[in-house]
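Notes for the one structure printed next.
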Ligand SMILES: *Cc1c(COP(=O)(O)O)cnc(C)c1O
């Protein structure tokens, strides 16, 4: 394997590549968790979490991954027997709905058009028929990491408003926060969720939720018992860390602090623009490869393709063999297909700490693997990516 030695490239959609500065920030012994530097730093994280979601509402930090936060936000907003409308556009919204169902919430799934994003008109039409307002929450994913779709969160809000429906609007931003534009307050979102290990460039293990006043008020009406996940305990750092609602995740907090510093030093808009350019480059490469052969973008509408992850259908090319080739022969790890897309797709993660050399390295390595395998594809994917990104070099 003469080409595999050298730096390993992780090109999966989470956990994403952690900057060396973030890893170094974690490399410290446990500290005083009662007073001093850690407490002060934690206070500073809260306003920055609000900045990253563009909201004035409460920001909560949980110890747990994205699945844990899914559960946390459900137990804080919905009682057993209440109903939620899940807007499916890939595996992740479905997964969130399954968590809600296990917690006793009645689930109705509205499917997006095949290989597309959530259709706001369908949402409006469905909500209009719910004249008794039995639906208490609408659940959607901004970017679905399985399908690679990017849903229009503002348009879905307009659809809910057009139907005059009072349901809570809950958005999973795990694969999108710190990657693409998100405006929690301007778009009227009631609950936002995220995890640490994607656009926020921090190791897996922290989860975040942001809650509007409307969501906060709904919590007070609940009859279900809540303990560890009760979000009141996580909204104020002094309650969380100083009154012992669990040991503070010391090293993760230092990592997050460093990652947030890096995001704001670059500028959130600049971070979004970098992801936009790289997403465009990836799609240009995939489209070129597909000019001769079966490779194609999973999402058909170019406006609904995500800038943080791309899902590629491989047709007659064996997706797992392609992944195995890049993994073992070129030292590049690509994402597997998930759910019903398993075996017929692979995914490229381009979220968080990713720049032109990293993505061009990944694309070039995929092209090299295709050539090595003798797979049918049109060469020139890297050239197409360069053409798509050249005007972004500043
Ligand atoms: C990664 C991801 C999740 C789940 O997060 P885990 O930390 O893996 O539990 C949920 N939703 C989306 C959109 C994701 O990308």
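The values are calculated or read from the model by the stated rules, or taken from the named source; none is laboratory data. What you see is a predicted model, and the numbers here were worked out from it, not measured in a lab. Ideal geometry is used to build each Cβ from the backbone, glycine not excepted, and the neighbour counts take in all protein chains shown.
Counting only residues that are assigned to a helix (DSSP H, G or I), without any contact (Cβ under 8 Å) to a residue 24 or more places away in the chain and either more than 24 Å from residue 176 (Cα to Cα) or in contact with a helix residue (DSSP H, G or I) (Cβ under 9 Å, 6 or more places away or on another chain) (or both), segment 25-47 holds 2 of them.
For residue 169, state whether it is crowded, with 21+ Cβ neighbours inside 10 Å, closer than 19 Å to residue 55 by Cα and away from the ligand (no atom under 15 Å from the Cβ). The answer is yes for residue 169. Put simply, of 336, 310 the only residue that is at pLDDT 95 or above and crowded, with 23+ Cβ neighbours inside 10 Å is 310. The criterion of being within 18 Å of residue 6 (Cβ to Cβ), buried (at least 22 other Cβ atoms within 10 Å of the Cβ) and touching a residue at least 24 places away in the same chain (Cβ under 8 Å) does not hold for residue 368.
Residue count for segment 248-257, restricted to those that are out of contact with any strand residue (DSSP E or B) (no Cβ under 9 Å at 6 or more places or on another chain) and surrounded by fewer than 20 Cβ atoms within 10 Å (Cβ to Cβ): 3.
So which residues in segment 299-311 are touching a strand residue (DSSP E or B) at 6+ places or on another chain (Cβ under 6 Å) and more than 22 Å from residue 177 (Cβ to Cβ)? None; the set is empty.
Are any residues in segment 112-126 surrounded by 15 or more Cβ atoms within 10 Å (Cβ to Cβ) and free of Cβ contacts under 8 Å to residues at least 24 places away in the same chain, and if so, which ones? Hits for segment 112-126 are 119, 122.
Considering every residue within segment 190-197, establish whether at least one is farther than 25 Å from residue 247 by Cα and in contact (Cβ under 8 Å) with a residue 24 or more places away in the chain. For segment 190-197, residues farther than 25 Å from residue 247 by Cα and in contact (Cβ under 8 Å) with a residue 24 or more places away in the chain: present. Modelled with pLDDT of 95 or more, within 30 Å of residue 351 (Cα to Cα), in a strand (DSSP E or B) and outside the structural domain of residue 308 (by TED's automatic domain parsing): does that describe residue 123? For residue 123, the condition - modelled with pLDDT of 95 or more, within 30 Å of residue 351 (Cα to Cα), in a strand (DSSP E or B) and outside the structural domain of residue 308 (by TED's automatic domain parsing) - is not met.
Kindly establish whether residue 159 is away from the ligand (no atom under 16 Å from the Cβ), touching a residue at least 12 places away in the same chain (Cβ under 8 Å) and touching a helix residue (DSSP H, G or I) at 6+ places or on another chain (Cβ under 8 Å). Judged against the criteria, residue 159 is a match.
Of the residues making up segment 185-211, those that are within 16 Å of the ligand (Cβ to nearest atom) and either outside any strand (DSSP E or B) or outside the structural domain of residue 233 (by TED's automatic domain parsing) (or both) number 11. Considering 18, 60, the condition of being within 16 Å of the ligand (Cβ to nearest atom) and at pLDDT below 95 is satisfied by 60 alone.
Just checking, does segment 128-141 include any residue being free of Cβ contacts under 8 Å to residues at least 12 places away in the same chain and under 28 Å from residue 180 (Cα atoms)? The answer is no; no qualifying residue exists. Kindly establish whether residue 50 is away from the ligand (no atom under 16 Å from the Cβ), touching a residue at least 12 places away in the same chain (Cβ under 8 Å) and within 20 Å of the chain's Cα centre (by Cα). Yes; evaluated as a whole, the condition is true for this residue.
Set side by side, the residues 148, 81, 164 differ, and just one is surrounded by fewer than 23 Cβ atoms within 10 Å (Cβ to Cβ) and either over 17 Å from residue 188 (Cα atoms) or touching a helix residue (DSSP H, G or I) at 6+ places or on another chain (Cβ under 6 Å) (or both), which is 81. Among the residues of segment 130-148, count how many are outside any strand (DSSP E or B) and either under 17 Å from residue 79 (Cβ atoms) or more than 11 Å from the ligand (Cβ to nearest atom) (or both). Residues meeting the conditions: 5. Among the residues of segment 252-276, those that are over 18 Å from the mean Cα position of the chain (by Cα) and either touching a residue at least 24 places away in the same chain (Cβ under 8 Å) or outside any helix (DSSP H, G or I) (or both) comprise 252, 253, 254, 255, 257, 258, 262, 264, 267. Any residue at all in segment 86-108 that is in contact (Cβ under 8 Å) with a residue 40 or more places away in the chain, in a strand (DSSP E or B) and within 12 Å of the ligand (Cβ to nearest atom)? No: zero hits. With respect to the conditions (1) buried (at least 17 other Cβ atoms within 10 Å of the Cβ); (2) in contact with a helix residue (DSSP H, G or I) (Cβ under 9 Å, 6 or more places away or on another chain), residue 218 falls short on a single one, namely (2).
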